[in-house]
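Q: After the structure tokens below, expect a handful of questions from me.
Rule-based calculations on the coordinates, nothing more; no lab input. Just so you know, these numbers come straight off a predicted model, no measurement behind them. Note that each Cβ is placed from the backbone with ideal geometry, even for glycine, and that neighbours are counted across all protein chains shown.
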Amino acid sequence: MSELPELFDTHAHVDGEEFDADRSEVLARARQAGVKRLVVIGAVGEPSSAERAVALAEHDPDVWATVATHPHDVDKMTPAWWATHERLARHPRVVAIGETGLDYFYDHSSRELQQACFGRFIELARAVGKPVVCHIRDAHEDARRILREHHAAELGIIIHCFTGTPDDAKAYAELDAYVSFSGIVTYKNAQPLRDAVPCVATDRLLIETDCPYLAPIPKRGKRNEPGFIVHTAEVVAKEAGMNFADLARQTTANAHRIYRIEPAPGPMA
Ligand SMILES: [Zn+2]
Ligand SMILES: [Zn+2]
């Protein structure tokens, strides 16, 4: 078999309007690059993002969804938004609650409100028995406190688009969290982030695009898309001391485990 090793994009915003013109071509290119499966994050702006993510997952057997409201937008949340998330969270194609968390870099919503909503989304994850996808920027200590207070380790934790230090990576290991690296890890000035890769246990390592944002080198500056994850995987493999195929196999297995998705039957199955 000359098949490419299967890759899993654990965090893609392919529900967004950036992909309205060519979504099916983007997903076809992803498959050609070995990205057989992905999770679309329905959490940007209004809950229509969550609705779109679930609709995509309903129509494509290799796509799953998450639902929540990004910490940037929690100050706009209404009771109706919460009701939509509470309904969609139970949908069988929804594999996690997120992205939720704390962003103290932008502070688009007040920190108090971000913390309160993060806690409430973790409790929603508990109510539906699913893991939580966390967006944490410049707020790792508060995030770990809240994750601990809500016993999120019991549900499963993904720290998406990890941008912390090697010590942060080690501290998340105490919460048994999965740590996901985006295209940022390929950037020239990201040596401290590359240094964090070997601090994550290989069975807790994930990769993602966070597309349309953060295209990896050599695609930096372009609209990102799931197929570009190959470049991120190459760098993470090197830093983890693994060859590309082993890194692909390991991170894909990890993605299936944390999202509780049955692995695809393959030639080696
Ligand atoms: Zn994020
Ligand atoms: Zn995201």
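Q: Let me spell out the model: positive unit charges on the Cβ of Lys and Arg, negative unit charges on the Cβ of Asp and Glu, origin at the Cα centre of the range 2-90. What dipole size does that give, in debye rounded to 20? Please list the in-between numbers first.
A: Working: 9 positive and 17 negative charges, 52 e Å.
The dipole of the range 2-90 has a size of about 240 debye.
Q: Another one. Among the lysines, select those whose C-alpha is under 23 Å from the C-alpha of K238, and discard any that sit fewer than 8 residues away in the same chain.
A: Hits, sequence-local ones excluded: K36, K170, K188, K219.
Q: Projected onto the charge dipole of the chain (+1 at Lys/Arg Cβ, -1 at Asp/Glu Cβ, origin at the Cα centre), which of A50, T66, A143 gives the Cα projection farthest towards the positive end?
A: T66
Q: While we're on this one: How many nm is it between the label spots at Q191 and K76, if each spot is 7 Å from the Cα in line with the beta carbon?
A: It is 4.0 nm.
Q: Express in nm, to one decimal, how much length is gained between A28 and D62 on full extension, taking 0.36 nm for each residue of separation and deducting their alpha carbon distance. Mind dumping the intermediate values first?
A: Details: separation 34, 0.36 × 34 = 12.24 nm, distance 1.16 nm.
Extra length from A28 to D62 when fully extended: 11.1 nm.
Q: If you don't mind, another one. Only Cα pairs under 8 Å and at least 6 apart count here; give the relative contact order of the chain as a rounded whole percent. Don't jump to the answer; show the numbers that get you there.
A: Working: 571 pairs, mean separation 49.3, N = 269.
Reported as a whole number, the value is 18 percent.
Q: If you add up the charges near A127, with Lys and Arg at +1 and Asp and Glu at -1, over every other residue whose beta carbon is less than 15 angstrom from its beta carbon, what do you get?
A: +2
Q: Is the shape of the range 131-269 best called rounded, prolate or oblate, per the rule: a/c under 1.5 gives rounded, else a/b larger than b/c gives prolate, else oblate, with a ≥ b ≥ c the square roots of the Cα gyration tensor eigenvalues? If you can, show how the numbers build up before the last one.
A: Values: a/c = 1.60, a/b = 1.15, b/c = 1.39.
Because a/c hits 1.5 or more and a/b fails to exceed b/c, the range 131-269 counts as oblate.
Q: I've got another one for you. Under 27 Å between alpha carbons, and skipping anything fewer than 8 positions from K76 in its own chain: which lysines qualify?
A: Straight-distance partners of K76: K130.
Q: Under 12 Å from the 7 Å Cα→Cβ point of E262, by amide nitrogen: which residues of the range 1-41?
A: The answer is none, because no backbone nitrogen lies closer than 12 Å to the label point.
Q: With only Lys, Arg, Asp and Glu charged, each at its Cβ (+1 for the first two, -1 for the last two), find how big the charge dipole of the chain is about the Cα centre; round to the nearest 20 debye. All intermediate terms of the calculation are to be shown ahead of the outcome.
A: Working: 30 positive and 40 negative charges, 77 e Å.
About 360 debye.
Q: Exposure proxy check: V197, V67, V179, V35 ranked by fewest other beta carbons within 10 Å? If you can, show how the numbers build up before the last one.
A: Values: V197 21, V67 33, V179 24, V35 28.
The fewest-first ordering by Cβ neighbours comes to V197, V179, V35, V67.
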